[in-house]
Amino acid sequence: MTHPNTTPDPDHAPKTALDRLIVKIGDRLSWLYFFAVVISVIEVVMRYIFNSPTAWVHETTLMVVGLCMLWGGTYCMAEDRHIRVSVVRDLLPDRVGKVFDVLVGVLTLFFCGGLAYAGYIMVEKAFFDPAGNFRVLRSGSALNSPAPAVVKTMLFVVVVLMTLQSISQLIARIKALTEGSESDPSQEEN
């Protein structure tokens, strides 16, 4: 889904069904930022005009914005718009650059896989006590919401998605590298 005020950029278009789904969900989740602003304004009015602050707005806002920020990582990866320093990559010949891309893809996969494993451990601790009994980690505030468990679960989901995206992107980079060597006439002569 493209926004009506933007021109689609083919270099940053989601390439897989997973990427398209992530972008579609992300476009909907972005409305949660608006929700966070609205409830924050309500909190300001309740606190400073009616002298009756709420107990739920602060934690809810932190959770909602945190969830959206987490989704932003997988969204950027889906559109290939994450921050990268390409000074070295741009100086390399095309073939060497593709090898470099594969190496970066392998490192990204290991990083995302490691984060997924750490996320799993966090989620396990958020839902089970050391004895193995089910209990949901709560904030410990006056509201005592399950926000920490929700955010840790979303972190795990996002890093699993990013790991799957890393695998998909690594496959595409390897394919680009191998296809480039097969079709490059200068390589065939040597």
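Mind checking which residues of the range 110-161 are open to solvent by 70 Å² or more (accessible area, probe 1.4 Å) and among the aromatic types (Phe, Trp, Tyr)?
Selection gives Phe110, Phe111, Tyr117, Tyr120, Phe128, Phe134.
Which of the residues spanning the range 52-70 are within 25 Å of the chain's Cα centre (by Cα), under 15 Å from Ser141 (Cα atoms) and open to solvent by less than 60 Å² (accessible area, probe 1.4 Å)?
Val57, Glu59, Thr60, Thr61, Met63
For the range 99-109, does any single residue satisfy the condition of being open to solvent by 40 Å² or more (accessible area, probe 1.4 Å) and more than 25 Å from Leu18 (Cβ to Cβ)?
yes
Quick one: count up the residues across the range 113-157 that are modelled with pLDDT of 95 or more and of a type in the set (Asp, Glu).
Matching residues across the range 113-157 total 1.
Give Gly105, Gly114, Gly97 a once-over and let me know the one that is under 21 Å from Ile174 (Cα atoms), of a type in the set (Gly, Ala, Ser), without any contact (Cβ under 8 Å) to a residue 24 or more places away in the chain and not in a loop (DSSP other than H, G, I, E, B).
Of Gly105, Gly114, Gly97, the one residue that is under 21 Å from Ile174 (Cα atoms), of a type in the set (Gly, Ala, Ser), without any contact (Cβ under 8 Å) to a residue 24 or more places away in the chain and not in a loop (DSSP other than H, G, I, E, B) is Gly97.
So which residues in the range 116-156 are within 19 Å of Thr61 (Cβ to Cβ) and of a type in the set (S, T, N, Q), if there are any at all?
The answer is Ser139, Ser141, Asn144, Ser145, Thr153.
Go through Val88, Val41 for me and flag whichever is modelled with pLDDT of 95 or more, assigned to a helix (DSSP H, G or I) and open to solvent by 70 Å² or more (accessible area, probe 1.4 Å).
Val41
Anything in the range 119-137 that is in contact (Cβ under 8 Å) with a residue 12 or more places away in the chain and assigned to a helix (DSSP H, G or I)? List them, or say none.
Across the range 119-137, the qualifying residues are Gly119, Tyr120, Met122, Val123, Lys125, Ala126, Phe127.
Given (1) surrounded by 12 or more Cβ atoms within 10 Å (Cβ to Cβ); (2) out of contact with any helix residue (DSSP H, G or I) (no Cβ under 7 Å at 6 or more places or on another chain); (3) without any contact (Cβ under 8 Å) to a residue 12 or more places away in the chain, identify the lone condition not met by Ile25.
So Ile25 meets the others, but not (3).
Please verify whether the range 168-189 includes one or more residues that are part of a loop (DSSP other than H, G, I, E, B) and open to solvent by 60 Å² or more (accessible area, probe 1.4 Å).
no
Conditions: (1) closer than 29 Å to Leu161 by Cβ; (2) surrounded by fewer than 16 Cβ atoms within 10 Å (Cβ to Cβ). Asp80 meets all but one. Number of the miss?
In the conditions (1) closer than 29 Å to Leu161 by Cβ; (2) surrounded by fewer than 16 Cβ atoms within 10 Å (Cβ to Cβ), Asp80 misses (2) alone.
For the range 29-77, name all the residues that are within 25 Å of Ser166 (Cα to Cα) and of a type outside the set (A, V, I, L, M, F, W, C).
Those that are within 25 Å of Ser166 (Cα to Cα) and of a type outside the set (A, V, I, L, M, F, W, C): Ser30, Gly66, Gly72, Gly73, Thr74, Tyr75.
For Pro14, indicate whether it is exposed (fewer than 11 other Cβ atoms within 10 Å of the Cβ) and closer than 19 Å to Ala172 by Cα.
So Pro14 fails the test.
What's the number of the only condition in (1) touching a helix residue (DSSP H, G or I) at 6+ places or on another chain (Cβ under 9 Å); (2) modelled with pLDDT under 95; (3) among the hydrophobic types (A, V, I, L, M, F, W, C) that Ala17 fails to meet?
For Ala17, the failing item is (1).
The values are calculated or read from the model by the stated rules, or taken from the named source; none is laboratory data. Here the structure is a predicted model, which means the values were calculated and not measured. Every residue, glycine as well, gets a Cβ built from its backbone with ideal geometry; the counts of neighbours run over all protein chains shown. Ligands, DNA and RNA are stripped out before the accessible areas are found, and what is left, the full protein with its side chains, is counted by its heavy atoms. Shrake-Rupley method; radii C 1.70, N 1.55, O 1.52, S 1.80 Å.
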